[in-house]
Each structure stands twice: as C-alpha cells, then as structure tokens.
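Structure first, commentary second.
The values are calculated or read from the model by the stated rules, or taken from the named source; none is laboratory data. Everything numeric in this text was worked out from a predicted model, so none of it was measured. Reconstructed Cβ throughout: ideal geometry from the backbone, glycine too, with neighbour counts over all protein chains shown.
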C-alpha cells in the first residue's frame, strides 16, 4: 500500500502539470502513488500512465471538486494530497504531515506553501475570518487546510462527503472548513514550507465579488443550523462594512457579493443534507444539529 496518494489535476495546463509531475518524480519515495485527474484533454505524451502514474478521466464540464472526488475514490493510500499544476516540492515534503497523522484523532493537516513570486507563506484558511475566505500564514490561526497542499485522512475525508461539488475550488475550501468546524473534527498544522507555487495558485483566482457572493450563500446555509457558530451580521452592520470598503475596489466588490449572497438560500437544503450524512458517518449525534425556523441575525463566535 502506498504511503500517500498525490492527485494532480490537469486543468488544461500541460506545462504546469508536467512541471509538477517532474518535481514529484524527482523527490518522491518509491511508495507514493500519483494520480492525474483530467477530463479527456490530457494526451499523456510521455506515457506516464504506463509506469509512473494512474490517469483518471472524468466527464467534461464537471467542477474541479467533482473531478477530484472521483479521482480520490480510486486512491489506494489512507492519506491524500492535491498538488495543483505549477507546484514544485522538496524531497520528503510530506513526511512531517504523515507523522502528525499518526495521531488518529487528527483528520487533516495544513501544510504551509511558499509563494514563489512573493515569498509569502500560506498555511491555510484563517479560522478567525470564517465564513469569509482569508488565507493565513500563521499556523496557530488555521481553520482548515487549502484544497491545494493539505493532507487528509482518506477515510474521514470520504465520510464527510469529500469536496463540495456545487462550487468553485475556493468555495469548496470554505465549505469544508465550516463542515469540519461544525462536526468538531480536529486538524493540525506543520511548520516547514516544503511546497512552492505562484501565489495565484495558492490564493485562488476567483474575483472578489464571486468569493463574497458564494461565501454569503454558505454563511446563510450554515447560519440556519443551530449551534453551528455561524451567525450572519445584521443588515445595518453589513451595509456599514460595505461603505467602509469603498476605498478598495476589490474589498467593496467582495462585500457587495456577500450582501447579495446571504439573501440566497440555494445551499441551505444541500448543506443540511450533507451535514446530516457526514454527522452520521463520523458518529456525531445528528440530534445536536437542528434547523431553526428563523435565521439568526446577530453575529457571535463559536466557543
């Protein structure tokens, strides 16, 4: 059995994919598994699928989350990691994370990534900012791993239903962080940044408005679950935040998206069903997760 399954999605970037695969092959141990996720667009010119990797083909037009969930289902290791095309790794980049996961109470490990073009280190999503999406380099303030670089215990990852398939990669990260938080699943962080990538890969490429809108939709869904710790600000507070961001077009776009997103209940039933299934799978009593009839509007933090 391989110690770790590495999933590299193609993302229609031959050069980035091959750069990452070469880095993995040069720095891996012999007992790692490499899976390439693609939608039929990768021709495998070097015939990596014969000896070095397993190619998993999905339908065209599916989200990255759906593509990754399909690929992870074929992984043979008890631990999984996604590396996006364009990332490079150092020898033994995964050793510290696997050592942490020897503690069976840990469900996932946040692995710091060095942004090669800015020298910033990003460890994961900021716990203090959820349900907004903010990345942080402070390991003590990480609420969840990023989709890119995080190391997950496959059994637990599958139990909670994998990545949220109804959204972009950036929003799938936020949703998983909220899901882990509500279920009380334990995460940990390593210290060494042994993966490098351009910041656009680490931080994501969605626009501020798209991020804000989708995070607002998720906040609406999770705030409707009693004791989730997610509560939406009052309208006056939201509009005040919107006005205070007028000097930054990116910030105001995100806040405008948030205001619009929290009025959209499109994810409420999806999140409720997902959470109930996940709670049952990880032996959390579903009776502790209830759906109130009215939406709370005063902001509070989880204990």
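Test residue 47 against the criterion of being over 20 Å from the mean Cα position of the chain (by Cα) and modelled with pLDDT of 90 or more, and give yes or no. Criteria not met by residue 47.
Across the range 69-84, which residue is farthest from the chain's Cα centre (by Cα) among those that are buried (at least 21 other Cβ atoms within 10 Å of the Cβ) and not in a helix (DSSP H, G or I)? Applying the filter and picking the extreme gives 75. Just one of (1) part of a helix (DSSP H, G or I); (2) crowded, with 22+ Cβ neighbours inside 10 Å; (3) touching a strand residue (DSSP E or B) at 6+ places or on another chain (Cβ under 9 Å) fails for residue 98. It is (2). Here the range 101-111 is the region considered, the condition is being touching a residue at least 12 places away in the same chain (Cβ under 8 Å) and not in a strand (DSSP E or B), and the residue that is farthest from residue 144 (Cα to Cα) is 103. Any chance the range 201-210 includes a residue that's within 28 Å of residue 100 (Cβ to Cβ), crowded, with 22+ Cβ neighbours inside 10 Å and modelled with pLDDT of 95 or more? The answer is no, given that none of the residues of the range 201-210 is within 28 Å of residue 100 (Cβ to Cβ), crowded, with 22+ Cβ neighbours inside 10 Å and modelled with pLDDT of 95 or more. Residues of the range 267-285 that are farther than 15 Å from residue 232 by Cβ, modelled with pLDDT of 80 or more and surrounded by 13 or more Cβ atoms within 10 Å (Cβ to Cβ): 270, 272, 274, 275, 276, 277, 278, 279, 281, 282.
For the range 3-44, filtering for residues that are crowded, with 17+ Cβ neighbours inside 10 Å, at pLDDT 90 or above and under 18 Å from residue 98 (Cβ atoms) leaves 9.
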